[in-house]
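Report on the structure given below.
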């Protein structure tokens, strides 16, 4: 039985962690951390779990928690995990951080994009970027995993095989992303009101979104040189889902088969990444409620570009599901444990 | 391993049966029946199941199917199951019919409301109305189960405890129901187009909806006398979910505790029916993606009426989930097998 | 040129007033009242009006405003209008109050349901309930109009002809209402977040909603005796629209023609109330963006009840449009001035 | 009084034409063409217009119609207008064609992308591409106007000022577009069902969408050389609206002021194009229900690219509204006649 604590359990990502973990029989949630709802029953905050847990919300005390559990998930605002974690804690418990605190290796890049002073920069080097498709072996041995962002996950998985195969000119890379509203979290703000979001689409964070350096860093490792991307997220009136449409110039003429082979080389053995059949475009509905990432591409000979597409459920492969996938790897469990939900449709 | 065949597997209810059953390890789908898509791969019709099944769609041949499987689900238009089933088939395989063919015991009532000649009226008596909360013992022994309709399931579970306890005057019973669009099925018709449904609500089938006699018959058994209800469904712009708001005059002054006790008497041991806490109204989002029915009530002393409320996922407790619940009972499995999904939110 | 001031201009109803009035050439908005946004440009709050007004938000000062304009609309929280208006102001300017402060004649009923001390109870008697279909002559002479609530408008117009004709037993009247989310206003609260409302339906204010006594009072005048109704509103995932489904027992057997005649007797000359053709159910999409109320009914011989249905745009006939209709009447203009928008579809 | 005929009046664009024209007092619709609904009352097809027109649907007879009206709008599938129009008809009536038949000057390009033989290629040269912002003078004298496509309108208006000013390298131009569902029309197909579109986003027509050559041709005229673009449309779960996000490399370093000036140079006198303030991203909700196009841009020094953004209501500026704008110009009326609706929000 893996004993689990969740700090930030009443946000949407925290709620999704709880929902997924409560469905397992090999894990037990011992701590529903939530500063805002201390002493309230967890199922009064998330009535979908009514009668399924009798947990109560507790304060954020990582030190105490580290005594009690085997793994802590932090689903908290940027900066909070870094302000709480230290060597002493890491020596006693594994940490899977769903915030951005340990995703970016260059602390100055982090501080510039997040406008925060990093609280534990000495631990950045050790933290493993928790994208199993590229870092599985490192995750196995990690004490702390930096769980990737939702946009970076979908962007990276869509583009990665072509960068790896050297088939695209990374200087021309443009990523146009579309997200459901749960990505904005459960915080109460005017921009997230139903009537402000419904029947509307808009870009936001144009040329300034904080997931940009995370995408660039990871693609840079693959390319073996710095990568700069134009990244624009859009808000779509739906609860869940991210769709990524990427554009880049081809480095040479390619056939469908060559590109397909590049994707298969990366994902043939990846249960959670599904390379779709020719001319089938990924759609968020076909991954909703699951840990799958569906990816595909379209060669455009007219423009000598390639369009790369990917779809994930931002709450699962983009947050809680990937975090649990990392937990499975860290604890030596089959990677799919508790994550075999088939996408829900309609 | 239970071998399963689904006739009508490409409709929404059929797709949900496949999705739920593919997640189990103790069942195997041997037959994806679908007249319209013969020989096409099932996952090309339901890409959420891409790479999760390699099944192909097959013709509707109940005789052949009966040789191969242990249980057949029919998720077909009204009249089709009755036209295919007979004593010979029933002697070889269990049938769980998701259509209305065997729900109503009085064949003339069926024929009047459904405008169809019944094709197997000799089997109506034997078929068991598959509402486990009232017919669990009969379901255990059934060769054929008539799986309840979505509106009747939600209506019945919301109202049943009060009829049973004699606390409401059934002559005053009004049921105002609201359904998501998946209830209309995957058939291509103008009224189900996105732009015709979105940003809209309407009543339909006013005073003529075919689920009315099913509700009346089942409540009549509980009341021990004929029950006539006003039933009005409405179409709500959402994929899934049914909400029922029932109104009736109280037969006498009651306290909150008395009514609560009436609900608890019926549902204390029912895993899938959750009686909510005082003044908490059921919401479809808290049951979506699960087999739960959430119910509650509000006494209105001003009008001497009681408002009864219930919420289900129409695709699960209102169709495929309840059908599988019945399968579990028929095959002696724990009733919750494969049905413990926690509602998905948001 | 009618000079207009709006107090509470940055809420949804205030925004709708501004939008409708800016489209006219015979009115001029001189005062965009908004405590929360003082000195900000109005079109930065409502960018749909970008370049169409250069107004700035101003403080709530009814005294100063009364000097400058011919009519003041108050689209403010309950209690605010009553706290500002007095005889001196009324002697200088007309008031159209979109809040509930002057809708209910019995101040004790108001104070009980609204949990507020009324600030100007001496003016209640004079205020005219601004439902033109019944009070047109009184509105003409009014200094202050209490603009009806959204649910009461739709409920009343749906039920009124049958109460007037004595065809229904008002003791059996049940009104089940469904509203879009804009009815909850632009206030920032968790319950109005996109992900909390989308893909969901729920009842709220069951047996306690504050529009209940308003409906009862107005129907009581028509019936000539007190009327008590069961009223339950529901929140529907759409921006605009109210649908009402009313149920009552018939006082005698009736024909379709008789009931139709009762509706026509009330609405034959009412431009804004459309009695639909036989068996056509009102839908909110067919009135959205307009000042129309679509109504119809269905006789149910099985239950000896009648189902009454109505649809309005809650922001227009349910708020700003009806307020402008009242303004037109008060200022001797053709009643449809500025209100002939055809419903927008899809 | 301008006498109007609409061929294809029961599609969404035709319905929008009827709605907008019925609100005017200087036009009269004499012919509601609709092959599918001959002899049915128009308001039974579009109940939003119930009691506002007593027109009946009539067959498609352009010859007869040309005798009766001053202008014919064709809101018909590709190929139909070209199959009906000829010199004789053009000598008697003005044509505003909302299909693509006369938008593309090179008939071979049309035939290749639309997979159709053009039925009246001799008239292509004469037809005027009805984008008033660039062709106003030609529209004044036109007998036939080719009304621009929805995506081309939004794409062109977003990008045009920078191409004209030579500030972007057109070889790097990428247009990622997002559309509401009404763009798919009222045709009954599975892909437009509510449950297939809701809670989903997908790309479609990747690298093959037929609006591509139209965008390229018009931008080519501005650039003075051939332009090739990557164009990808996406389907967004909302009724109306198009958002365009364009990306291109800058030809040189630019300041905000320079780019702003380029936009203002094009749109300063254009009522219907609103250049937003710095860092305000266009949103479809702020133009919905209106003929406005909102545009803006963001310089990204990191990538030396510029992001160009635009939003329109696809049914109005993208179809019926622009068609009426063209009609106003052709008939010497003020261009804004009947088109001053302020965007509807929420």
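What follows draws every value from the coordinates through simple rules; no lab data is involved. All of these numbers come straight from a predicted model, not from anything done at the bench. Note: ideal-geometry Cβ built from the backbone for every residue, glycine included; neighbour counts use all protein chains shown.
Within the stretch C:31-54, which residues have the backbone N less than 16 Å from the label spot 7 Å out from residue D:264 along Cα→beta-carbon, could you tell me? C:51, by backbone N distance to the label point. Pull out a ≥ b ≥ c, the square roots of the eigenvalues of the alpha-carbon gyration tensor of the stretch C:1-62, then state rounded if a/c is under 1.5, prolate if not and a/b is larger than b/c, and oblate in the remaining case. Oblate is the answer for the stretch C:1-62, as a/c is 1.5 or above yet b/c matches or exceeds a/b.
Reducing the stretch D:117-146 and the stretch A:127-163 to their Cα centroids gives an inter-centroid distance of 54 Å.
Using the Cβ-Cβ distance between residue C:54 and residue C:253 with R0 set to 60 Å, the FRET efficiency from 1/(1 + (r/R0)^6) comes to roughly 0.45.
Below 8 Å between Cα atoms, with a sequence gap of 6+, how large is the relative contact order for the stretch A:192-346 in percent?
Values: 231 pairs, mean separation 32.6, N = 155.
Here the relative contact order equals 21 percent.
For peptide C:244-251, the mean count of partner chain Cβ atoms within 10 Å of a residue's Cβ comes to 3.
With a Förster radius of 41 Å applied to the C-beta separation of residue B:171 and residue B:126, the computed FRET efficiency comes to 0.80.
What is the percent of Cα-Cα separations in the stretch C:272-328 that go past 19 Å? If you can, show how the numbers build up before the last one.
On the way: 578 of 1596 pairs.
The proportion of pairs with Cα distances above 19 Å equals 36 percent.
Given their separation in residues at 0.36 nm each and the Cα-Cα distance between them, residue C:204 and residue C:277 gain 23.1 nm when the chain is fully extended.
The mean sequence separation of alpha-carbon pairs under 8 Å and at least six residues apart, normalised by the residue count of chain C, gives a relative contact order of 17 percent.
Take B:10, B:212, C:153 and order them by how many other Cβ atoms sit within 10 Å, fewest up front.
Values: B:10 21, B:212 25, C:153 29.
In order of increasing Cβ crowding within 10 Å: B:10, B:212, C:153.
If a spin label sat at a point 7 angstrom from the Cα of residue D:86 along the line to its beta carbon, no backbone N atom of the stretch D:142-178 would be nearer than 17 Å. Kirkwood radius for the stretch A:181-287, taken over all pairs of different Cα atoms as the inverse mean of 1/r, rounds to 17.0 Å. Taking every alpha-carbon pair in the protein assembly as shown and binning the separations at 20 Å intervals from zero gives 10, 36, 39, 14, 0 percent.
How fast does the stretch C:63-186 diffuse by Stokes-Einstein, in µm²/s, taking the Kirkwood radius from C-alpha pairs at 20 °C and 1.002 mPa s? If you can, show how the numbers build up before the last one.
Working: Rh = 15.9 Å.
Using the Kirkwood radius from Cα pairs, D works out to 134 µm²/s.
For the stretch B:31-74, taking Cα atoms only, Rg and Dmax work out to 10.9, 30 Å respectively.
Among A:51, A:138, A:68, the largest mean-square fluctuation in a Gaussian network model of chain A (Cα springs under 10 Å) belongs to A:51. Among B:136, B:141, B:94, B:305, the order by Cβ neighbours within 10 angstrom, fewest to most, reads B:141, B:136, B:94, B:305. Cα centroid distance between the stretch B:256-299 and the stretch C:194-232, in Å? Their Cα centres are 23 Å away from one another.
Taking the inverse of the mean reciprocal distance over all distinct Cα pairs, the Kirkwood hydrodynamic radius of the stretch A:2-126 comes to 15.0 Å.
Between the C-alpha center of the stretch D:20-92 and that of the stretch D:301-317 there is a gap of 34 Å. Among DSSP bridges having both ends in the protein assembly as shown, what percentage is antiparallel? Round to the nearest 5. Beta bridges within the protein assembly as shown, antiparallel portion: roughly 50 percent.
For helix D:212-223, what angle does its Cα long axis make with the longest principal axis of chain D, in degrees from 0 to 90 and rounded to 10? Compared with the principal axis, the helix lies near 60 degrees. Shielding by partners for peptide C:284-291, expressed as the average number of C-beta atoms from other protein chains within 10 Å of each residue's C-beta, is 5.
State the volume of the convex hull built on the alpha-carbon positions of chain B, expressed per residue in Å³ and rounded to an integer. Spell out each step's value before the answer.
On the way: hull volume 46.8 nm³, N = 346.
Here the figure is 135 Å³ per residue.
To the nearest ten degrees, helix C:256-267 and the longest principal axis of the Cα atoms of chain C are 20 degrees apart. Largest GNM mean-square fluctuation across D:308, D:144, D:49, computed for chain D with C-alpha springs under 10 Å, falls on D:49. Against the main long axis of the alpha-carbon atoms of chain A, helix A:150-164 sits at an angle near 40°.
Within a 10 angstrom radius of each residue's Cβ in B:49-58, how many Cβ atoms of other chains show up on average? Whole number is fine. Write down the numbers at each step before the final one.
On the way: counts 4, 11, 6, 6, 1, 0, 0, 0, 0, 0.
Taking the mean over all residues of the peptide, I get 3.
With the Cα gyration tensor of the stretch D:52-103 giving a ≥ b ≥ c as the square roots of its eigenvalues, does the rule (a/c under 1.5 for rounded; else a/b larger than b/c for prolate; else oblate) give rounded, prolate or oblate? Oblate, because a/c is 1.5 or more while a/b does not exceed b/c.
For chain D, modelled as a Gaussian network with Cα springs under 10 Å, which listed residue fluctuates most, D:189, D:298, D:56? Among D:189, D:298, D:56, the largest GNM mean-square fluctuation belongs to D:189.
Under the classification rounded if a/c is under 1.5, otherwise prolate if a/b is larger than b/c and oblate if not, where does the stretch A:143-223 fall, given a ≥ b ≥ c as square roots of the Cα gyration tensor eigenvalues?
Numbers: a/c = 2.85, a/b = 1.79, b/c = 1.60.
Prolate shape, in that a/c is at least 1.5 and a/b is the bigger ratio.
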